């Protein structure tokens with residue numbers, strides 16, 4: 001088949017060409033891999049960062065070096081009242097680049113540190129954890145809804161801990177369970193507009209959040225033994241699932257929490 005025929009039949013084209021995407025918390029870990037994957041697939045990607053400006057700039061530079069398009073904006077998602085103003089800045093950036101503030105792909109990925117066990121948890125820690133992991137996605141979607149294109153998609157980052165909670169991280173587990181419920185509710189809300197809403201629930205994935213865990217060889221061996229595919233996940237593994245959900249190929253999937261854990265504790 002000639003190159004011309006390949007292009008005509010859509011073979012070899014980037015699946016997200018002419019699409020726009022927002023990835024909250026896209027300066028590190030899973031969010032970074034998601035931003036890089038969406039840009040690789042052709043989308044213009046906006047990422048948010050809070051304290052990691054240098055890391056965000058590094059992500060943007062890497063995407064642009066690879067031929068992609070991206071930019072970064074600061075956002076403090078602990079403060080839900082600041083989200084509408086953030087979207088006004090996002091509007092300006094998208095309009096400057098595309099002539100429109102239309103958003104095709106929204107990935108609610110931002111998280112924060114501070115796990116909080118029953119013994120050492122504080123009300124302030126609870127509030128901050130829920131503010132970022134559960135409240136922020138709701139109000140981000142609220143501001144995004146008028147900008148989201150019909151036929152677009154929303155993807156929330158959940159966790160395997162939402163359905164298999166651990167006593168060492170009850171607040172985080174509860175916050176991610178809230179994300180799952182929100183995902184189901186939003187799928188119903190947006191169904192009439194053909195906007196899909198799903199959550200992806202990573203298992204043990206190599207990020208800086210679990211770097212200390214991975215220093216213990218016994219724990220690593222136990223996790224790998226409990227995982228059907230016998231290894232920790234990589235951030236690219238998670239990003240690949242997001243890339244699928246964001247593409248036309250994922251258009252019939254909505255209201256689902258998709259565990260991407262390599263078969264952890266099947």
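In table form, for the structure just shown:
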| read-out | value |
| --- | --- |
| Zone of residue 142's modelled label, taken as backbone nitrogen in segment 83-123 under 20 Å from a point 7 Å along Cα→Cβ | 83-91, 103, 106-111 |
| Protection proxy ranking of 131-138, 189-196 - average other beta-carbon atoms within 10 Å, highest first | 131-138, 189-196 |
| Residue exposure sequence - 245, 229 - by fewest surrounding Cβ within 10 Å | 229, 245 |
| Projected label distance in nm at residue 64 and residue 240, using a 7 Å step from Cα toward the beta-carbon | 3.0 |
| Label point distance in nm, residue 265-residue 215, each placed 7 Å from Cα along Cα→Cβ | 2.5 |
| Theoretical gain in end-to-end length, residue 127 to residue 88 [0.36 nm per residue, Cα-Cα removed] | 11.4 nm |
| Cβ-derived FRET efficiency at R0 25 Å, residue 117 paired with residue 226, nearest 0.05 | 0.70 |
| Using alpha-carbon coordinates, inclination of helix 53-65 to the longest axis of the chain, degrees | 40 |
| Angle between the chain longest axis and helix 235-246 axis [Cα atoms, degrees, rounded to 10] | 50 |
| Cα shape, segment 28-104, gyration tensor, a/c 1.5 rule | oblate |
| Value of [θ]222 nm, deg cm²/dmol, for the chain, DSSP H segments ≥ 4, -39500 (n - 2.57) each, nearest 500 | -12500 deg cm²/dmol |
| Label corresponding to percent of Cα pairs over 30 Å apart when calculated from the structure given, among (1) 26; (2) 40; (3) 22 | (1) |
| Nearest-ten-degree value, helix 83-98 long axis tilted from longest Cα axis of the chain | 30 |
| Among 144, 61, 46: highest mean-square fluctuation, GNM of the chain, C-alpha pairs under 10 Å | 61 |
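Every number in this text was worked out from the coordinates using simple rules, so none of it is lab data. Owing to the predicted nature of the structure, the values given are computational and were not obtained by experimental measurement. Every residue, glycine among them, receives a Cβ derived from its backbone with ideal geometry; neighbour counts consider all protein chains shown.
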